[in-house]
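Asker: Following this message is one structure expressed as C-alpha cells.
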Amino acid sequence: MAVHASLQRKDPRSAYICRIYSNYRKHCICRGDSVLSIKDVKGGFEILKLTPEVLELNLSDVENKIKDFIQDYLAKTSAKGVVLGLSGGVDSATAAALCSLALGGKRVLGLILPEKETYNPKDVEDAMLVAEKFGLETRMCDITPILESFYQTIPNFDPSDKICKGNIKARTRMVMVYYFANKENRLVCGSSDKSEAMLGYFTKWGDAAADFSPILDLYKTQVRKLALHLGLPKNIASKPSTPALWPNQTAEQELGLDYETLDLVLYGLERFIPPENIAKQLQKDPRLVEAVKRRVELNEHKRQMPLAIKLQYRTIGADFRLPR
Amino acid sequence: MLKLALAQIDCELCDKQKNLDKLERATKEAQKNGADLLVLPELSLTGYLIKDRVYELAEPIPGPAISRVARIAKESGLHIVFGMPEAHNQDRGILFNTAVLVKPDGGIEKYQKVYLPTHSVFDEKRYFRPGNRITTFKTNIGTIGVCICYDLYFPEVCRILKLKGADLIVAISASPITRKKYFEALTLTRALENTVPLVFVNRVGFEEGLQFWGGSRILTPMGETEAVAKDREELLFGEVDFHETMAAEVAIPTIRDARLELLEELKNSFENF
C-alpha cells in the first residue's frame, strides 16, 4: 500500500478522501493514519451525501404499508379496536389518522387528557379537529386531580424538579390509556417517532409505552410530511414538538438543534457515517454531532426490557427469543 | 523457560483508549516481573457485547490501535497477544474477530477466529466473517499458536496448531459464567490430547447481564492445571517449560499414534450425517 505523505498533516480524528496517484487513480478514505477503504475511481463509491432529499419518502407507499401493518396486527390479536392519547400534536394526530384509515374511525378511541399547568385550549381544539375529520371516538378527561393527588401523596415531593414532576404526567396518561385498553379490549397505539426514540426524548414507560407504534420508524420531519399527505391541517403538521411536561417546553430548544438538522444527523448515524463527516457535511460543530451520538447510545436502556443477569439456560431479554 | 503474564481484565465497553491504557499498565507490571509474553482476553480492545457499534470501532491491521500496542511492545520488550474487532483493509463492512500477536521488533501476526458462536447470547456470525487460516507464528520465544474461545470446542483447531509446530497454544476468551464447566474441561483436554502447553486468558466483569468467569490458567502438556485465576481482575504469572512437552509426548503419544484413515472416516461421517 502506498504511503500517504499527506497523512501527517491531517487531523487524526476526521475522515477524509485523499487521492493516491500511482499507476492508476484510486480514491482512498482515511482517518488519521488508518486507511478505511480504497476503491478505484471507476468502481467508485462516495460517502452518502446528507441533503434533505435523503429523507424523502414515497408517502402513499408509506401510508399503505402502515395501514396494512395496523390491520394485520389487529387481526392477529383478539382486540376490538385501538386507543391512543391525543395531544393535538403532529405525532398523535398522524398515528390516529393512520389507525382510522386502516380500521375505520369507529374502532379508534382518542383520549384527550389535558392538565392545568400545561393547558392550551388550542391543543384541545386541534385534537377535537383530528377526531372529527377522521371519525374517531373521543373521551376527554382532565387529569389534574390525579396529578395533584400524586403531588400530595408522594413523600417529600419536590415541585421544583421539572423532570420528576413532568414524568408523572406522562406515566399518568399511560395509565389512563391502558385502562381503556383493558376495559374495552383495545390495543394501545403509540405515537413515538424515530427521532424521539433514538434520542431517548420520551418518558421511560410513559408516553412511549404502547402495544404497537405505527410511526416509530419515521423521523420527525418525515412524520410532518406524512401528516400533510394524510390531510391533517397545516397548523398541526408544523406545530413545534413538545412532550408538554412543563409549560413552554419545546423539543428543539431542549435538544439544541432544529429537527431539520437533527433528522439528518440521526439519519447519518443510522447509516454508520462517521460523526466528523456528518458534521462537515452539515457544517455543524463536530462536538454537537458527537453529543447527539452519545445521547442516542446512552438511551438504549429506555428502548429495552429491564436488564437481567444471566443465570440459566435461556434468559428473557437476552437469548429467550419467541416470536411476538 | 517462558515467563507468561495472564492479564485477566475487565474491559470498558466501547472505549478503546481506556482499554489500551489497561494494556499498557499490564505490560509495565509484566515487564517488572520479567515476563516474556503478555496475554489479554478476546476482543479486549473494545469489550465483547458491542453489537452494532462494532462497525465504527473495528480497525484495520495495521491501524491506530496496533500502532500503539506495537510501541508498547517495543518499549517493554514483551510479546503481546490481545483480541480486537478487525476491519478488512479494503471493505469496511467486512469484519473479523481477531487475535493479534505483537512482537517487540515490530512484527505483527494475526489470527481470525474460525469458529464463530451464533447461539444463546452469541451473535458473532452476524458481525464477523469466519477466518480461514489456522497457522502458527515463529517468534524468538518459541512457535506460538493462537485460538479464540469457541475454537476450543473443536478438537481440530488445537491439533492443527500442534502439527504445525506450536510450542505453546494461546487461547483467549470472553467466556460467560454459564460456560465455566465446559472450558475447564476443554482447555485441559486440548492441552492433554495434543501434549502441548496451553495458556487460557478469559474476561471478567459484566456486560449487560452477562458475567464473564475469569478462571484464566495454564495447562501443561501432561494435563496439569497451573496458575489458576479466580473471577476478578488479576495479573497472573506463570511459567512454561518446553522440556516438559517431550516428556509428555513420550508418556502420552497421541500425535505419534494418530491414524489418518480415521480422519478420512471422520470426514465421510460428517458428510453423510
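Asker: Kindly indicate the residue of the range B:157-191 that is over 27 Å from B:P253 (Cβ atoms), of a type in the set (K, R) and at pLDDT 95 or above and also surrounded by the fewest Cβ atoms within 10 Å (Cβ to Cβ) among those meeting that condition.
Answerer: Residue satisfying both the conditions and the ranking: B:K181.
Asker: Going residue by residue through the range B:9-26, is there one that turns out to be buried (at least 20 other Cβ atoms within 10 Å of the Cβ), of a type in the set (D, E), farther than 23 Å from B:P117 by Cβ and more than 14 Å from chain A (Cβ to nearest Cβ)?
Answerer: No, the conditions are met nowhere in the range B:9-26.
Asker: Looking at the range A:282-289, can you tell me whether even one residue there is within 22 Å of the chain's Cα centre (by Cα), within 30 Å of A:E117 (Cβ to Cβ) and more than 13 Å from chain B (Cβ to nearest Cβ)?
Answerer: No, that holds for no residue.
Asker: Being touching a Leu at 6+ places or on another chain (Cβ under 9 Å), under 18 Å from B:L4 (Cα atoms) and not small (G, A, S) is true for just one of B:I80, B:I134. Which residue is that?
Answerer: Only one candidate qualifies: B:I80.
Asker: So which helices (runs of 4 or more DSSP H) are wholly in the range A:125-200 and hold at least 1 residues that are over 20 Å from A:S213 (Cα atoms)?
Answerer: Ranges flagged: A:144-153, A:162-183.
Asker: Further, regarding this structure: Could you go through the range B:52-68 and let me know if any residue there is assigned to a strand (DSSP E or B) and out of contact with any Pro (no Cβ under 8 Å at 6 or more places or on another chain).
Answerer: No, that holds for no residue.
Asker: From the list A:A209, A:A170, which residue is closer than 14 Å to A:D91 by Cβ and either surrounded by 16 or more Cβ atoms within 10 Å (Cβ to Cβ) or under 15 Å from the mean Cα position of the chain (by Cα) (or both)?
Answerer: A:A170
Asker: Moving on to the next point. Can you name the residue in the range B:36-93 that is touching a residue at least 60 places away in the same chain (Cβ under 8 Å) and acidic (D, E) and is also nearest to the other protein chains (Cβ to nearest Cβ) among such residues?
Answerer: Filtering first and then ranking leaves B:E42.
Asker: Would a scan of the range B:243-255 turn up a residue that is more than 17 Å from the chain's Cα centre (by Cα), at pLDDT below 95, loosely packed, with under 14 Cβ neighbours inside 10 Å and not aliphatic (A, V, I, L, M)?
Answerer: Yes; the residues of the range B:243-255 include at least one that is more than 17 Å from the chain's Cα centre (by Cα), at pLDDT below 95, loosely packed, with under 14 Cβ neighbours inside 10 Å and not aliphatic (A, V, I, L, M).
Asker: Next question. Are there helices (runs of 4 or more DSSP H) fully within the range A:223-324 with at least 1 residues that are of a type in the set (S, T, N, Q)? List them.
Answerer: The qualifying helices (runs of 4 or more DSSP H) are A:234-237, A:251-255, A:259-270, A:275-282.
Asker: Name the single residue, out of those in the range B:104-119 being buried (at least 16 other Cβ atoms within 10 Å of the Cβ) and touching a Lys or Arg at 6+ places or on another chain (Cβ under 9 Å), that is farthest from the other protein chains (Cβ to nearest Cβ).
Answerer: This residue is B:V114.
Asker: Consider the range B:91-133. How many of its residues are within 19 Å of B:V170 (Cβ to Cβ) and hydrophobic (A, V, I, L, M, F, W, C)?
Answerer: Number of matching residues: 8.
Asker: Can you name the residue in the range A:230-281 that is in contact with a Ser or Thr (Cβ under 6 Å, 6 or more places away or on another chain), of a type in the set (S, T, Y) and touching a residue at least 60 places away in the same chain (Cβ under 8 Å) and, of all such residues, is nearest to A:R171 (Cα to Cα)?
Answerer: A:T242
The values are calculated or read from the model by the stated rules, or taken from the named source; none is laboratory data. On a predicted model such as this, the values are computed, not experimentally measured, just so you know. With ideal geometry, Cβ positions are generated from the backbone for all residues, glycine too; neighbour counts draw on all protein chains shown.
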